[in-house]
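Every number here is computed from the coordinates shown, using simple stated rules; none is lab data. In this text, all values refer to a predicted model and were calculated from it rather than measured experimentally. Positions of Cβ are backbone-derived with ideal geometry, glycine not excepted, and every protein chain shown enters the neighbour counts.
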Amino acid sequence: MSLVQAGKQLAQQMVGEKMKDVVDSLRPDAAKVSDPAKPEKPAAPSPGETLGSVMVGQIQAMQRTCKEDQELMVRCGTGPDSMRVLEIFAPTWQVLVMTGIDADRNVTRVVSPVAAVQLVCKVVSVEAGAKPTRISLIIPKAK
């Protein structure tokens with residue numbers, strides 16, 4: 001290694017260290033920021049908790065928070081079709097049967113494994129004097 005190369009390497013190390021010090025001083029506390037190279041592990045589900053029970057529980061919680069003049073509108077997209085869900089039946093926690101109305105006002109059913117279900121939920125206001133629609137949730141009985 002020549003003297004010139006050693007000088008360049010030393011200069012790069014010094015500039016690199018100074019740059020790292022400056023950047024680190026601008027960053028928030030490293031303990032509070034997760035390292036992108038180390039993705040966070042998702043919280044482990046509680047024993048006996050399944051994806052289906054979590055989904056149904058979330059819908060129940062969202063519906064419970066609706067006021068008297070609000071309703072939870074749940075939409076399910078299946079390929080080119082989309083429907084408004086009025087009932088969710090879970091014969092098991094691995095399968096959901098959703099019944100609702102499509103764009104042409106036809107009664108429609110979707111039977112799907114829970115892992116493939118995508119629902120869009122939003123709280124909407126109902127017209128004055130109208131009764132809000134509540135989603136019927138039918139869940140498996142505990143054994």
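Filter the stretch 103-116 down to residues that are over 17 Å from residue 80 (Cβ atoms) and within 22 Å of the chain's Cα centre (by Cα), then give me how many there are.
4
Just checking: which of the strands (runs of 3 or more DSSP E) contained wholly in the stretch 46-140 hold 2 or more residues that are in contact (Cβ under 8 Å) with a residue 60 or more places away in the chain and surrounded by 14 or more Cβ atoms within 10 Å (Cβ to Cβ)?
Where strands (runs of 3 or more DSSP E) fall fully within the stretch 46-140 and carry at least 2 residues being in contact (Cβ under 8 Å) with a residue 60 or more places away in the chain and surrounded by 14 or more Cβ atoms within 10 Å (Cβ to Cβ), they are 70-78, 119-125.
Please count how many residues of the stretch 54-113 are over 22 Å from residue 126 (Cβ atoms) and of a type outside the set (Ser, Thr, Tyr).
Qualifying residue count for the region: 22.
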